[in-house]
Amino acid sequence: MKQTYVYAHRGSSGTHPENTLAAFRAAIQCGADGIELDVQMTKDGEVVVIHDEQVDRTTNGEGWICDMTYAQLATLDAGSWFDPAFSNEQIPTLNNVLTICKDTNVMINIELKNDRIRYEGMEKLVVQKVRDYHMEKQVVLSSFFHESLTVVHRLAPELETAILYERPLREPWKQAIECHATAIHAPKQFVSSGYIIQAKKYRQAIRVFTVNIEKEMKELCEMKVDAIITDFPEQAIQIL
Ligand code: G3P
Ligand code: MG
């Protein structure tokens, strides 16, 4: 029987500062099947791994990433806000993360954070990096901004893409097909057995976020979702 895979949301972000190399290494080490990460773009066109559009919440700096150069971002401490033990963590580039995943079997879900800021050319840059690393089979690109997935498909039909959504969406599988996605990354509150049946009719993989509670992990596993995306991959692996 096919198992439900475990993806580490922003890395092992329940126990490490989110979206840092420490969090991704921990996820790989504990045996996560995949990692999820968020990408934004600097003023000088570097693709960096950070959830928010501003650095304020997860670093010791302040300001918008789109107004800063990578050299400026690289001086920031991206770990101390979580725990002073992680004060050496920096905001990684996408290249940094691809490098540490390259010789592993871990899947990489790159979430394009272009729903609030339409970063010009982000899709092309990300596709190019995945190709440079020859990691086409190891990545899934997702976004809340579905038009971006159509762009990715046009640029790189070989890459798997997934729609994301957070408000109720009627028949998300139809929306996925419209933008050539083959997976739906769904908020846990919308997923039920009936939902899975419908999605499977449209050949969509279902990965559910953000699942941190044991009971929900077990229920979703019984429903045979393709993956859960969790802040606590180590716990999830033990439970499932
Ligand atoms: O990809 C699932 C999840 O990461 C989407 O929400 O806000 O955590 O990026 P967010
Ligand atoms: Mg995300």
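Computed from the coordinates by the stated procedures, all read-outs in this text should not be read as laboratory data. Everything quoted here is computed from the prediction, not taken from an experiment. Here the Cβ positions follow ideal geometry from the backbone for every residue, glycine too, while neighbour counts run over all protein chains shown.
Take the Cα of F190, step 7 Å along the line toward its Cβ, and report every residue of segment 208-240 whose backbone nitrogen sits under 17 Å from that point. Flagged as within label range: 208-211, 225-229.
How would you classify segment 5-239 from its alpha-carbon gyration tensor, with a ≥ b ≥ c the square roots of the eigenvalues: rounded for a/c under 1.5, else prolate if a/b is greater than b/c, otherwise oblate? Note, shape of segment 5-239 comes out oblate.
Could you calculate the FRET efficiency of I197 with L240 from 1/(1 + (r/R0)^6), where r is the beta carbon distance between them and R0 is 22 Å, rounded to 0.05? Please report the intermediate quantities before stating the final value.
Values: r = 21 Å, r/R0 = 0.97.
Plugging the Cβ-Cβ distance into 1/(1 + (r/R0)^6) gives 0.55.
Residues whose amide H comes within less than 5 Å of that of V140, counting only those at least five positions distant or on another chain, are I108, N109, I110 (H built at 1.01 Å from N in the peptide plane). A simple packing score, the average count of other Cβ atoms within 10 Å per residue, orders the peptides 147-157, 98-108 as 147-157, 98-108, with the highest score first. Taking segment 55-78 and a reference point 7 angstrom along Cα→Cβ of R116, the backbone N atoms nearer than 15 Å belong to 55-59, 62-68. When the chain is treated as a GNM with alpha-carbon contacts under 10 Å, the residue of Q138, Q198, Q40 showing the greatest mean-square fluctuation is Q198.
Note down the net charge around H134, summing +1 for each Lys or Arg and -1 for each Asp or Glu among other residues with Cβ under 14 Å from its Cβ.
Details: positive: K102, K129, R131, K137; negative: D103, D132, E136, E158.
Within the 14 Å Cβ shell, the charges total 0.
Computed about the Cα centre, the dipole magnitude for the chain is approximately 960 debye when only Lys and Arg (+1) and Asp and Glu (-1) carry charge, each at its Cβ. For segment 182-234 and segment 34-61, compute the distance between their C-alpha centroids and round to whole Å. One Cα centre to the other: 26 Å. Judged by the mean number of other Cβ atoms found within 10 Å, the most tightly packed of the peptides 83-95, 17-29 leads the ranking 17-29, 83-95.
Across segment 5-239, the mean sequence separation of Cα contacts (distance under 8 Å, 6 or more residues apart), normalised by length, yields a relative contact order of 20 percent.
Stretched out fully, how many nm does the piece from D56 to A71 gain, at 0.36 nm a residue minus the Cα gap? Don't skip to the end; give the middle numbers.
Numbers: separation 15, 0.36 × 15 = 5.40 nm, distance 1.68 nm.
Full extension from D56 to A71 adds 3.7 nm.
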